[in-house]
Amino acid sequence: MQIRSAEFVKSAVSREQYPDTELPEIAFAGRSNVGKSSLINTLVNRKRLVKTGSTPGRTQLLNFFVINDRLSFVDLPGYGYARVPAAIRKKWGPMIETYLRTREPLRGVVLIMDIRRVPGEEELRFLEWLSLRGLPCLRVITKADKLSKNKQNQQLARIRGALATAGGNPGLHLFSSKTRKGREALWSAITDLAGGETTEAT
Ligand code: GTP
Ligand code: MG
């Protein structure tokens, strides 16, 4: 994917603050610290378009970006990380849910999971919730570089097993923000979700 431009638009908490745009939109979700913001930076070839870091809960708002003037990305705060204060976690749930339920240009969600962790209740509930609402979801397994090739395959099999009962497309995208593994394949799936060509401005 050729990136001509990638710009931060704004942060939002509530509906009135969402940017007024009709560009097809893709949201990135997953547990805190799983690598959502890093994945977006890797997709758009930028080191620091989105803030990343080792402190869980780095992303606390809905952050909107525009790519190539054709596509909108939303970096969502992470969920389910014990080290994020309960008061903040309580706010994030409704903020994310309202966004996913009401955002008209939203075409799909990229759910990011860590290859070292077998997904649990939270991921299953999230996938079922999306599928009930007819929101397509791409499943990405990131931090692939943290495991050897053999261990990667073992973990992928376990993760596939854990997600087998969830609705939606069962395919998994293996990814690494460190090595950029899987970047092109994920772009092509995102482009499909967004409804076609995303590189040229009209
Ligand atoms: P929150 O905003 O807190 O929910 O986190 P996040 O999901 O946006 O994670 P972020 O991208 O900030 O990354 C968290 C940590 O994991 C950082 O220290 C990153 O450098 C590291 N990280 C992210 N992706 C990868 C990856 O593919 N490989 C490796 N080795 N480290 C990664
Ligand atoms: Mg983040």
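The values are calculated or read from the model by the stated rules, or taken from the named source; none is laboratory data. Please read all numbers here as calculations on a predicted model, not as lab measurements. For neighbour counting, all protein chains shown are included, and Cβ atoms are generated from backbone atoms with ideal geometry for every residue, glycine included. Note: accessible area is taken over every heavy atom of the protein model, side chains too, but ligands, DNA and RNA are not part of it. Shrake-Rupley method; radii C 1.70, N 1.55, O 1.52, S 1.80 Å.
Some observations on this one:
- Condition check for Arg183: within 16 Å of the chain's Cα centre (by Cα), under 27 Å from Pro24 (Cα atoms) and not aliphatic (A, V, I, L, M): yes
- Residues that are in a loop (DSSP other than H, G, I, E, B) and touching a strand residue (DSSP E or B) at 6+ places or on another chain (Cβ under 6 Å), drawn from region 22-45: Leu23, Pro24, Val34, Gly35, Val44
- Note on region 29-59: residues that are in contact (Cβ under 8 Å) with a residue 24 or more places away in the chain, more than 8 Å from ligand 1 (Cβ to nearest atom) and more than 12 Å from the chain's Cα centre (by Cα) total 4.
- Members of region 94-120 found to be part of a helix (DSSP H, G or I), touching a residue at least 12 places away in the same chain (Cβ under 8 Å) and not aromatic (Phe, Trp, Tyr), listed by number: Met95, Ile96, Thr98, Leu100, Arg101, Thr102
- Selection of region 121-162 for residues being open to solvent by less than 50 Å² (accessible area, probe 1.4 Å), closer than 28 Å to Thr98 by Cβ and in a loop (DSSP other than H, G, I, E, B) yields only Leu135.
- Among the residues of region 31-52, those that are within 8 Å of ligand 2 (Cβ to nearest atom) and either open to solvent by 70 Å² or more (accessible area, probe 1.4 Å) or in contact with a helix residue (DSSP H, G or I) (Cβ under 8 Å, 6 or more places away or on another chain) (or both) comprise Val50, Lys51, Thr52.
- Selection count, region 163-180, where residues are in contact (Cβ under 8 Å) with a residue 60 or more places away in the chain and open to solvent by 60 Å² or more (accessible area, probe 1.4 Å): 1
- The set of residues in region 156-170 that are closer than 18 Å to Leu193 by Cα and at pLDDT 90 or above is empty.
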